[in-house]
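One structure is given below, encoded as C-alpha cells.
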Amino acid sequence: MSSEHAIVIGASHAGAQLVTSLRQAGWTGKISMVGEEAIPPYHRPPLSKGYLNGDKHSDEILIRPAAFYEKSDIDLLLGNRVTGIDRENKTITLHDGATIAYTKLALTTGAHVRKLSALPGHELGGVCYLRDLRDVDNIRCYIGKGKSAVIIGGGYIGLETAASMRKMGMEVTVLEAMPRVLARVTAPEISAFYSRVHGEEGVRIITDAAVEGIEGSNSVEAVKLADGTLIPADVVVIGVGVAPATELAEAAGLEIDNGIVVDEFARTSDPDIVAAGDCTNHFNPIYGRNLRLESVQNATDQAKVAANTLCGKLEAYNALPWFWSDQFDLKLQIAGLSQGFDRVVVRGDTETGRSFAAFYFEGDKLLAVDAINRPKEFMMTRRALSTGQNADPDKLADESVEIQQAFS
C-alpha cells in the first residue's frame, strides 16, 4: 500500500460512491471517510416513505453493508465532526481535537435544512425537520393513526411526507406560502395535478398560507395562520428547502458561489481537494451554465468523476440531471431541467387520470419532461436530451402517435 491518504468528509450518497469508486479506479493508498452520524451511508429517499412509516429498518436502507467497507479497506470514522481543514499542512481537525493528515481530500458534505428559527413556537416538541435518520426517528415519536400532522412547505419533500402520513391514517394539512404547490420547480399543470390527487387522498392543501406561529405548552398543539386560523397538530414537519453545507470549505478559503465551486473534473480551487454532490456548484455542458443540484443521481455521477480525478484519470462530468418522487400510486420521473421554459406540451390527461407526461420547451428546444407513471416518455426524453436530439411538440401531444416517432 502506498503512503497516499485520501480522506472523504461526509458519509453521504456522494461519499459512499466516492470511496467505492476510488478503490475501483485503482487507489492503493489509505482511504478514510468521516461522517457525523454513527451509521454508515444510507439511502435518503426512503426516509420520507418506507422508513418513516416503519416498513424499512435502518439496516435495510444502507447503501452498502458495513462489511463492504472493511473488505475494501476503507476506514469509517463515524460519529465524528470535522471542525477545520488546514490546506497548508494538509490536515483535518476533528471535534475532539484530533488531527489527521491527508494527501488528497474530498468534500461530500451535502446540504443542511433551512430552519424557521424566527417562527414563534419553533422550539416546541413535535416540531420537526426531515433530512436524516435522527430527524425521522424524532418524527416517529409523534405520529400514528388518527393523529394530526401539519406540513409547512409544499415542495417534493413536503408532499412525499404528507402522502406517507396520510397512508398511515393521519389527518394531514399542507401549508404552502406560494399560490401553488411545487411552484418553484414545475409548471402550473403539474401543481394542479398534485393538488387534485392529494385532495382525492384526503390531504388538505392550503396555498398562500402565511404561518404566524406554532402553539402549544410543551409539545405542539396547533399551527396559527396570519388570518387567525388554528390548525390542530400533533406533529409539524417543516420542509422549506436546503442550503449547501459549505462552511468547512469556506473557512478553508475555497471558492464558494451557491455551493463549493468545482470544474468539470470535480476539482475545487485547491488542486488536492475535490468535491461532489449537493454541496457543489458545477458547470453542465448540456445546459451551458453552472448548476447546483440536489439529487442522488448527481451525487453518484459526480462522485465517480471525483474519484477518477484523484486517481489521475481526468474524465469530464457531463451527465444529464434526472430526479424522481414517489407519492401514493404516483411515480414521477423528471429528465432534464425545465428552468427557462415558455411552453408546456402535455401528453395524456392531467385532470382525471393519474398518468401523463409534461414536456417543457424553450422556443422550439426541448428542455425537460415530468413523466408521471409514464416510464417510456421519461426514458425517451432522457436519451434525447443526453444525445442532443429534439422533439416534435405536436407529435408529443398526440397519443395516437408512438412516442418514439416524436423524437428526431
Flagged pairs (Cβ under 6 angstrom, 6 or more apart or on separate chains; first in the range 17-40, closer than 25 Å to THR83 by Cα and open to solvent by 30 Å² or more (accessible area, probe 1.4 Å); second small (Gly, Ala, Ser) and outside any helix (DSSP H, G or I)) are ALA38/GLY79
Quick count over the range 184-210, residues being part of a loop (DSSP other than H, G, I, E, B) and surrounded by fewer than 18 Cβ atoms within 10 Å (Cβ to Cβ), is 7
Point to revise | Some residue of the range 240-257 being open to solvent by less than 10 Å² (accessible area, probe 1.4 Å), aliphatic (A, V, I, L, M) and more than 24 Å from ASN89 (Cβ to Cβ) | key: no
Only one of ALA149, ALA106, ALA163 is more than 30 Å from MET33 (Cβ to Cβ), open to solvent by less than 60 Å² (accessible area, probe 1.4 Å) and part of a strand (DSSP E or B), namely ALA149
Here the residues within the range 173-183 that are aliphatic (A, V, I, L, M) and either more than 23 Å from the chain's Cα centre (by Cα) or open to solvent by 40 Å² or more (accessible area, probe 1.4 Å) (or both) are ALA177, MET178
Out of curiosity, is ALA177 over 25 Å from PRO46 (Cβ atoms), part of a loop (DSSP other than H, G, I, E, B) and of a type in the set (Gly, Ala, Ser)? yes
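Here is a yes/no grid of residues against (1) in contact with a strand residue (DSSP E or B) (Cβ under 9 Å, 6 or more places away or on another chain); (2) of a type outside the set (Gly, Ala, Ser); (3) surrounded by 17 or more Cβ atoms within 10 Å (Cβ to Cβ); (4) at pLDDT 95 or above:
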{"site": "ASN308", "(1), (2), (3), (4)": "no, yes, yes, yes"}
{"site": "VAL346", "(1), (2), (3), (4)": "yes, yes, yes, yes"}
{"site": "SER355", "(1), (2), (3), (4)": "yes, no, no, yes"}
{"site": "TYR360", "(1), (2), (3), (4)": "yes, yes, yes, yes"}
{"site": "ARG374", "(1), (2), (3), (4)": "yes, yes, yes, yes"}
{"site": "PHE378", "(1), (2), (3), (4)": "yes, yes, yes, yes"}
{"site": "ALA384", "(1), (2), (3), (4)": "yes, no, yes, yes"}
{"site": "LYS395", "(1), (2), (3), (4)": "yes, yes, yes, yes"}
All-but-one check, SER2 against (1) more than 21 Å from the chain's Cα centre (by Cα); (2) in a loop (DSSP other than H, G, I, E, B); (3) within 22 Å of GLN302 (Cα to Cα); (4) hydroxyl-bearing (Ser, Thr, Tyr), failing number (3)
Report task. Kindly check whether there is at least one residue in the range 321-337 that is surrounded by 17 or more Cβ atoms within 10 Å (Cβ to Cβ), under 16 Å from ALA192 (Cα atoms) and of a type in the set (Val, Ile, Thr). Result -> no
Only unsatisfied item for ASP301, checking (1) open to solvent by 30 Å² or more (accessible area, probe 1.4 Å); (2) under 21 Å from PHE193 (Cβ atoms), is (2)
Checked the range 56-86 for anything among the basic types (Lys, Arg) and open to solvent by 80 Å² or more (accessible area, probe 1.4 Å); matches are LYS56, LYS71, ARG81
Expected output for the range 238-267 (first residue farther than 30 Å from GLY154 by Cβ and assigned to a loop (DSSP other than H, G, I, E, B), partner open to solvent by 20 Å² or more (accessible area, probe 1.4 Å) and among the basic types (Lys, Arg), Cβ below 7 Å, 6+ apart or cross-chain) is ALA252/ARG87; GLY253/ARG87
Within the range 362-372, the residues that are surrounded by fewer than 20 Cβ atoms within 10 Å (Cβ to Cβ) and in contact (Cβ under 8 Å) with a residue 24 or more places away in the chain are ASP364, LYS365
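The values are calculated or read from the model by the stated rules, or taken from the named source; none is laboratory data. Everything quoted here is computed from the prediction, not taken from an experiment. Glycine gets a Cβ as well: all are built from the backbone with ideal geometry, and neighbour counts include every protein chain shown. Remember, those area values only see protein heavy atoms, side chains included, never the ligands or the DNA or RNA. Shrake-Rupley method; radii C 1.70, N 1.55, O 1.52, S 1.80 Å.
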